[in-house]
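Let me begin by presenting the structure, written as structure tokens, before commenting on it.
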Amino acid sequence: MARRNSNDNSHRYSSYAPEVKKALGQLEKAALREVAKFLRKDIKKTVPVDDGVLKKNVGSWVRGKANENPVLQIGVYDRARAKKKGYTYAYHAHLVQFGTVKMSGIDFLRAPVFNNIDKIRELQADFLRQIEEIKANGLPEVGDEEADD
């Protein structure tokens with residue numbers, strides 16, 4: 001997708017491909033952040049205590065460099081991140097999730113994700129429509145100029 005620069009008579013062209021790629025990446029990340037916001041709330045409802053360390057330590061991250069597809073990660077903060085946020089580290093999160101010899105686990109991380117697949121698709125639908133529209137239509141192309149006869 002190149003367009004001829006109309007400000008001068010030289011044969012310079014400008015490309016909008018980097019801007020389109022950047023817009024697509026931003027829309028993908030925005031869709032994942034919207035899903036993360038919903039899932040964090042639902043996961044915190046599933047945590048087996050009313051309030052406390054574990055609920056505060058549930059977090060999400062959208063990761064991915066500019067040239068990669070973004071990925072959503074949801075989990076419990078590690079010791080350093082919990083300290084940085086001013087929370088007490090939830091050292092017992094894996095014990096609650098997977099259980100111990102004396103206690104069965106409570107699937108507070110994976111179950112809310114699998115139970116809400118339809119809601120996740122619904123939340124992403126608007127962003128995906130915008131992405132598909134850009135991919136399908138791109139930017140309008142400017143035709144070559146014809147010389148007058």
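The values are calculated or read from the model by the stated rules, or taken from the named source; none is laboratory data. The structure displayed is predicted, hence computed values, not measured ones. No Cβ is skipped: glycine too gets one built from the backbone with ideal geometry, and neighbour counts run over all protein chains shown. What goes into the accessible areas is simple: the full protein's heavy atoms, side chains included, and nothing from ligands, DNA or RNA. Shrake-Rupley method; radii C 1.70, N 1.55, O 1.52, S 1.80 Å.
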Answer residue from the range 60-80, given it is small (G, A, S) and not in a strand (DSSP E or B) and is most open to solvent (accessible area, probe 1.4 Å) among those: A66
Residues of the range 39-54 classified as part of a loop (DSSP other than H, G, I, E, B) and exposed (fewer than 14 other Cβ atoms within 10 Å of the Cβ), total: 5
Within the range 89-102, considering residues that are without any contact (Cβ under 8 Å) to a residue 40 or more places away in the chain and of a type in the set (A, V, I, L, M), the one surrounded by the most Cβ atoms within 10 Å (Cβ to Cβ): A90
Number of the condition not met by F127 [criteria: (1) part of a loop (DSSP other than H, G, I, E, B); (2) open to solvent by less than 50 Å² (accessible area, probe 1.4 Å); (3) at pLDDT below 85]: (1)
Condition met for N57 (under 28 Å from R121 (Cα atoms), polar (S, T, N, Q) and open to solvent by 90 Å² or more (accessible area, probe 1.4 Å)): no
Candidates G105, G86, filtered to the one that is of a type outside the set (A, V, I, L, M, F, W, C) and open to solvent by less than 60 Å² (accessible area, probe 1.4 Å): G105
Meets criteria (open to solvent by less than 30 Å² (accessible area, probe 1.4 Å) and either in contact (Cβ under 8 Å) with a residue 24 or more places away in the chain or part of a helix (DSSP H, G or I) (or both)) for A36: yes
